[in-house]
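Visitor: I am attaching a structure below and will ask some questions about it afterwards.
The values are calculated or read from the model by the stated rules, or taken from the named source; none is laboratory data. Note that the coordinates shown come from a computational prediction; the quantities given were computed from them, not determined experimentally. Glycine also receives a Cβ, built like all others from the backbone with ideal geometry; neighbour counts cover every protein chain displayed. Note: areas computed on protein heavy atoms with side chains; ligands, DNA, RNA excluded. Shrake-Rupley method; radii C 1.70, N 1.55, O 1.52, S 1.80 Å.
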Amino acid sequence: LEQMLALAALYRGSIAAVHGDCEQAIEQITFAQSRIPRENHLAHARALFSLGVAYEIGEQTDTAVQNYLQSSDEAQSAGVLFLAINALGAAAQIQIKQGHLRLAEQSCHQAIQLAEGARIAPLGLAWSLLGGIALERNDIPSAEQYLQDGIPLSRQGGLVDDLVLGLASLARLRTYQGDVASAIAATQEITSQM
């Protein structure tokens, strides 16, 4: 019974996080974490990911990154690559906003290594983030390659937010290259996704 109550609290907390109710999310998830057995790595991975969302919305970015990275570790222990890779991408996005491009690069490369060559949808975000970082460094050939790897994976997986991020970087890349028609096409695809 206690485990069922803990899982119910975890789900309530996760829903609260998505709805932006940070206090409720943190309260519910923390309650759940204290009652979920340590060996239930998947439940802990989900809890940590949802805490990452709550702290990110609450603009506690360092704590959000820590939770996303711990979520990835727990998801790896549970053997759930999709969540492990997704959590690393979420951490990398915040690291970029914080101006920590090298840390973001490390998180993205760690996600890519975890996949061991598999084409898992959340890798699209990692590749697209690397493309954006390459653009910031004016490394146009690398940006092109990363975005060509990332955008199709996000599109294939139906991960709209990840796709929009990749397309935004692609529009910037095409603008830098003077290919206005392709930049407009990428922008129009972003609009169609929203």
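Visitor: Give the relative contact order (percent, whole number) for the chain; include only Cα pairs under 8 Å separated by 6+ residues.
Guide: In percent, rounded to a whole number, it is 12.
Visitor: Could you order peptides 157-165, 133-141 by the average number of other Cβ atoms within 10 Å of their residues, highest first?
Guide: Sorting 157-165, 133-141 by mean packing, highest first, produces 157-165, 133-141.
Visitor: Give the peptides 86-96, 7-17 in descending order of average Cβ contacts within 10 Å, highest first.
Guide: 86-96, 7-17
Visitor: Order the peptides 100-109, 50-59 from the highest to the lowest mean number of other Cβ atoms within 10 Å of their residues.
Guide: 50-59, 100-109
Visitor: Run the dipole for the stretch 1-72 about the Cα centre, Lys and Arg Cβ at +1, Asp and Glu Cβ at -1, nothing else charged, and hand back the magnitude in debye, nearest 20.
Guide: Roughly 280 debye for the stretch 1-72.
Visitor: Another question, then. In degrees between 0 and 90, to the nearest 10, how far off the longest principal axis of the chain does helix 140-157 point, with axes built from Cα atoms?
Guide: 50
Visitor: Let me ask something else. Return the calculated 222 nm mean residue ellipticity for the chain, to the nearest 500 deg cm²/dmol, obtained by summing -39500 (n - 2.57) across DSSP H runs with n ≥ 4 and dividing by the residue count.
Guide: Counting only the DSSP helices, I get -27500 deg cm²/dmol.
Visitor: How many percent of all Cα-Cα pairs in the chain sit more than 32 Å apart?
Guide: 19
Visitor: Roughly what angle does helix 41-57 make with the longest principal axis of the chain, taking Cα atoms, 0 to 90 degrees, to the nearest 10?
Guide: The angle comes out at about 60 degrees.
Visitor: Can you give the log10 of the normalised intensity I(q)/I(0) at q = 0.11, 0.17, 0.22 Å⁻¹, computed with Debye over equal Cα scatterers of the stretch 84-194?
Guide: Evaluating at q = 0.11, 0.17, 0.22 Å⁻¹ gives log10 I(q)/I(0) of -0.30, -0.72, -1.17.
Visitor: With a 1.4 Å probe and every protein chain kept in, tell me what percent of the accessible surface of the stretch 100-194 is carbon plus sulfur.
Guide: Its accessible area is 53 percent carbon and sulfur atoms.
Visitor: Between MET194 and THR175, what length comes free when the chain is fully extended (0.36 nm per residue of separation minus the Cα-Cα distance, one decimal in nm)?
Guide: So the chain would gain 4.7 nm between MET194 and THR175.
Visitor: Right, here's the next one. Any idea what Rg and Dmax come out to for the stretch 36-90 if you just take the C-alpha atoms, in Å?
Guide: Using the Cα atoms of the stretch 36-90, the pair Rg, Dmax is 10.3, 30 Å.
Visitor: Further, regarding this structure: Give the Rg (one decimal place) followed by the Dmax (whole number) of the stretch 1-94, computed from C-alpha coordinates and expressed in Å.
Guide: According to the Cα coordinates of the stretch 1-94, Rg and Dmax are 12.0, 38 Å.
Visitor: Averaged per residue, what accessible area in Å² does the stretch 1-155 show with a 1.4 Å probe, protein chains only?
Guide: Dividing the accessible area of the stretch 1-155 by its residue count gives 49 Å².
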